[in-house]
Amino acid sequence: MTFAERLADAVAARESQIVLGLDPDPARLWPEALADVPADGPPAQRAAAAVRRHCAALIDAAGPACVAVKPQLACFERLGAAGWTALAATVEHAHAAGLLVIADAKRGDIDVSALAYAQALVGATPTPFGDVPGLGADAFTANPLLGVDALDPFVGCARAADAGIFVLVRTSNPGAADVEDLELAGGGAVWERLARIVAGLAGPGEGLSDVGAVVGATVPEHVARMRELMPRAPLLLPGIGAQGGRVEDLAPAFAAGRAGGLISASRSIARAHEHAGCEPRPAARAEAERLREAAWSLA
């Protein structure tokens, strides 16, 4: 089953288009994550153990209202090898909970390196000693600024593994305007050119593609044009909550169907208790449910 098919089935089964972002900050973990952490040992191992517990608790609390998780790889990788072990455990925990996993890696490099990145995230690496499996994510994010030849290995490896790829098209950060909104000499903005590249990689046909796009929810005025340029691409929409994006502004994303728009929220769910005045688990679940209901009503 292709990634697009699995995504559509998961959205229908869970009645959710919400992606739970996992951006663990070792200095701001839930209190329960710090319980029973070994009193001694290397800081990296202790921090990674707490991060692992935090992510598992967050998945258990908010996951029932979500369709996928999106671990930010940098938040794990900064803890070294122990952080990667925590990431692998988090992926396993999410899959056990019935959630898809989108590795937020934003990788981009020449073709040889691009293939290695893809093998590490969704595929496997052939060696004289046997294949070495990668992280086992269902999809990942990729940077397109090296051009189509650097994206081709990502797409090929993802398709071979029945996985998906989300290409950065117009990101949610304010500085995106510095490059992505620039007008090209031939007309149109850089993000429009990137959207056309995504549409080309998706190829002809009907239904959702396994090649999607990252489109910031902080620029909802572009979403209708994005859907026009990329009619088959699932749109991953970060920037809800802490970055100022609103679910209610994203209706055009769902013109391709309920699975055509995936609304990603991280801090607004993980830190909901800081504003709700209650324990982290019920606050996270309530915020995820609120977002799920808001998104479902738009599709």
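The values are calculated or read from the model by the stated rules, or taken from the named source; none is laboratory data. Because the structure is predicted, anything quoted here is derived from the model rather than measured. All Cβ positions, glycine included, derive from the backbone under ideal geometry; neighbour counts span all protein chains shown.
When SER297 is evaluated against the numbered criteria (1) free of Cβ contacts under 8 Å to residues at least 40 places away in the same chain; (2) under 21 Å from PRO64 (Cα atoms); (3) in contact with a Gly (Cβ under 7 Å, 6 or more places away or on another chain), which criterion, by number, is the only one it fails?
If we test SER297 against (1) free of Cβ contacts under 8 Å to residues at least 40 places away in the same chain; (2) under 21 Å from PRO64 (Cα atoms); (3) in contact with a Gly (Cβ under 7 Å, 6 or more places away or on another chain), just (3) comes out false.
So is GLY156 assigned to a loop (DSSP other than H, G, I, E, B), modelled with pLDDT of 95 or more and surrounded by fewer than 20 Cβ atoms within 10 Å (Cβ to Cβ) or not?
On the way: assigned to a loop (DSSP other than H, G, I, E, B): no; modelled with pLDDT of 95 or more: yes; surrounded by fewer than 20 Cβ atoms within 10 Å (Cβ to Cβ): yes.
For GLY156, the condition - assigned to a loop (DSSP other than H, G, I, E, B), modelled with pLDDT of 95 or more and surrounded by fewer than 20 Cβ atoms within 10 Å (Cβ to Cβ) - is not met.
Looking only at the stretch 159-176, count how many residues are in a helix (DSSP H, G or I) and either farther than 18 Å from ILE240 by Cα or in contact with a Leu (Cβ under 6 Å, 6 or more places away or on another chain) (or both). Don't jump to the end; show me each part of the working.
Restricting attention to the stretch 159-176, the residues satisfying the condition of being in a helix (DSSP H, G or I) are 159-160, 174-176.
Of the ones still in play, those that are also either farther than 18 Å from ILE240 by Cα or in contact with a Leu (Cβ under 6 Å, 6 or more places away or on another chain) (or both) are 159-160.
Residues that pass the stated criteria total 2.
Among residues belonging to the stretch 209-229 that are in a loop (DSSP other than H, G, I, E, B) and at pLDDT 95 or above, point out the one that is nearest to ARG107 (Cα to Cα). Steps first, answer last, please.
Applying the first criterion (in a loop (DSSP other than H, G, I, E, B)) to the stretch 209-229 yields 209-210, 216-219.
Filter once more, keeping what is at pLDDT 95 or above: 209-210.
On the way: SER209: 20, ASP210: 17 Å.
By that ranking, first place goes to ASP210.
Please count how many residues of the stretch 68-86 are touching a residue at least 24 places away in the same chain (Cβ under 8 Å), under 14 Å from the mean Cα position of the chain (by Cα) and either surrounded by fewer than 16 Cβ atoms within 10 Å (Cβ to Cβ) or farther than 18 Å from GLY239 by Cβ (or both).
Residues in the stretch 68-86 being touching a residue at least 24 places away in the same chain (Cβ under 8 Å), under 14 Å from the mean Cα position of the chain (by Cα) and either surrounded by fewer than 16 Cβ atoms within 10 Å (Cβ to Cβ) or farther than 18 Å from GLY239 by Cβ (or both): 1 in total.
Residue check: is ALA47 under 27 Å from ALA160 (Cβ atoms) and of a type in the set (Gly, Ala, Ser)? Step through it out loud before you land on a result.
Details: under 27 Å from ALA160 (Cβ atoms): no; of a type in the set (Gly, Ala, Ser): yes.
Spelling it out, it is not the case that ALA47 is under 27 Å from ALA160 (Cβ atoms) and of a type in the set (Gly, Ala, Ser).
Being among the charged types (D, E, K, R) and crowded, with 18+ Cβ neighbours inside 10 Å is the filter here; which residues of the stretch 108-140 pass it? Before you say what the answer is, go through the steps one by one.
Initially, the stretch 108-140 is screened for residues among the charged types (D, E, K, R), giving 109, 111, 131, 138.
Listed by number, the list holds a single entry, ASP138.
Restricting attention to the stretch 109-147, which residues are of a type in the set (Gly, Ala, Ser) and under 23 Å from ARG193 (Cα atoms)? Outline the logic, then answer.
Here is the first cut: in the stretch 109-147, the residues of a type in the set (Gly, Ala, Ser) are 113-114, 116, 118, 120, 123-124, 130, 134, 136-137, 139, 142, 147.
Residues satisfying the conditions are ALA114, ALA139, ALA142, GLY147.
Checking ALA189 against (1) closer than 29 Å to THR90 by Cβ; (2) touching a strand residue (DSSP E or B) at 6+ places or on another chain (Cβ under 9 Å); (3) among the aliphatic types (A, V, I, L, M), which test does it fail?
Tallying (1) closer than 29 Å to THR90 by Cβ; (2) touching a strand residue (DSSP E or B) at 6+ places or on another chain (Cβ under 9 Å); (3) among the aliphatic types (A, V, I, L, M), ALA189 fails exactly one: (1).
Any residue that is of a type outside the set (Ser, Thr, Tyr), free of Cβ contacts under 8 Å to residues at least 24 places away in the same chain and closer than 16 Å to GLY261 by Cα - is there at least one of those in the stretch 174-190?
no
Looking at GLU221, GLU180, which is the one that is of a type in the set (Asp, Glu), crowded, with 22+ Cβ neighbours inside 10 Å and over 23 Å from ALA4 (Cβ atoms)? Even if it seems obvious, please write down each step before you answer.
Working: GLU221 fails: crowded, with 22+ Cβ neighbours inside 10 Å.
Answer to the check: GLU180.
So, in the stretch 6-22, of the ones that are out of contact with any Leu (no Cβ under 8 Å at 6 or more places or on another chain) and of a type outside the set (A, V, I, L, M, F, W, C), which residue ends up nearest to ARG52 (Cα to Cα)?
Applying the filter and picking the extreme gives GLY21.
Residues checked against (1) modelled with pLDDT of 95 or more; (2) touching a Phe, Trp or Tyr at 6+ places or on another chain (Cβ under 6 Å):
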residue	(1), (2)
LEU22	yes, no
ASP25	yes, no
TRP30	yes, no
GLY41	no, no
ALA44	yes, no
ALA48	yes, no
HIS54	yes, yes
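Does ALA105 fit the bill of being out of contact with any Pro (no Cβ under 8 Å at 6 or more places or on another chain), under 19 Å from PRO24 (Cβ atoms) and either outside any helix (DSSP H, G or I) or at pLDDT below 95 (or both)?
Values: out of contact with any Pro (no Cβ under 8 Å at 6 or more places or on another chain): yes; under 19 Å from PRO24 (Cβ atoms): yes; either outside any helix (DSSP H, G or I) or at pLDDT below 95 (or both): yes.
When the stated conditions are applied, ALA105 passes them.
Of these, GLY134, GLY164, GLY83, which one is in contact with a Pro (Cβ under 8 Å, 6 or more places away or on another chain) and closer than 23 Å to GLN72 by Cβ?
On the way: GLY134 fails: in contact with a Pro (Cβ under 8 Å, 6 or more places away or on another chain); GLY83 fails: in contact with a Pro (Cβ under 8 Å, 6 or more places away or on another chain).
Exactly one of GLY134, GLY164, GLY83 is in contact with a Pro (Cβ under 8 Å, 6 or more places away or on another chain) and closer than 23 Å to GLN72 by Cβ, namely GLY164.
For the stretch 230-299, list the helices (runs of 4 or more DSSP H) that sit wholly inside it and hold at least 1 residues that are crowded, with 22+ Cβ neighbours inside 10 Å and in contact with a helix residue (DSSP H, G or I) (Cβ under 7 Å, 6 or more places away or on another chain); which are they?
267-270, 280-296
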